1. Output ³J(HN,Hα) for segment 74-84: one whole-Hz value per residue in order, computed from phi by the Karplus curve 6.51 cos²θ - 1.76 cosθ + 1.60 with θ = phi - 60°, and x for Gly and Pro.
2. From zero up to wherever the largest Cα-Cα distance of segment 3-95 sits, split into 5 Å bins and tell me the percent of pairs in each.
3. Which percent of the Cα-Cα distances in segment 74-116 go past 17 Å?
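Every number in this text was worked out from the coordinates using simple rules, so none of it is lab data. Remember, predicted model here, so these are calculated numbers, not experimental data.
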Amino acid sequence: MKLTGTKTEIEYRERLISSQNKLFKDANFRRLLEVLKANNSDIKTAYIIRHTPDQSEDIFRVLVNGASVNLIELDRLDESIEPIFECMSVVEYKKGLSKQSMIQLAVALELANDHC
């Protein structure tokens, strides 16, 4: 997908950069970062492309190194419960995405590629 610098793309870029900064620096994201590090070697970039807070858990979709999307479910009430982790390719993740989600993913991929 070709990015053109629209307002939507700029907003996504700002949110994604903020998500990466929070992930690596904010103590509230410590468990998520631990799960990512335990399941990925040498993380250079990690952008939270989707966060779904549920009643008792948080579900995250994180683009890691521009190569894979990690789906992680963390129990919000009991940290001793083992996180649920799934990894998929970007190609696999793209299937069935809405146009807005495709734009967000394209921005995240561009950020990851610019970082390398």
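1. 3J(HN,Hα) across segment 74-84, in whole Hz: 10, 5, 7, 9, 9, 5, 6, 6, 4, x, 8.
2. 3, 13, 23, 25, 20, 10, 4, 1, 0
3. 54 percent
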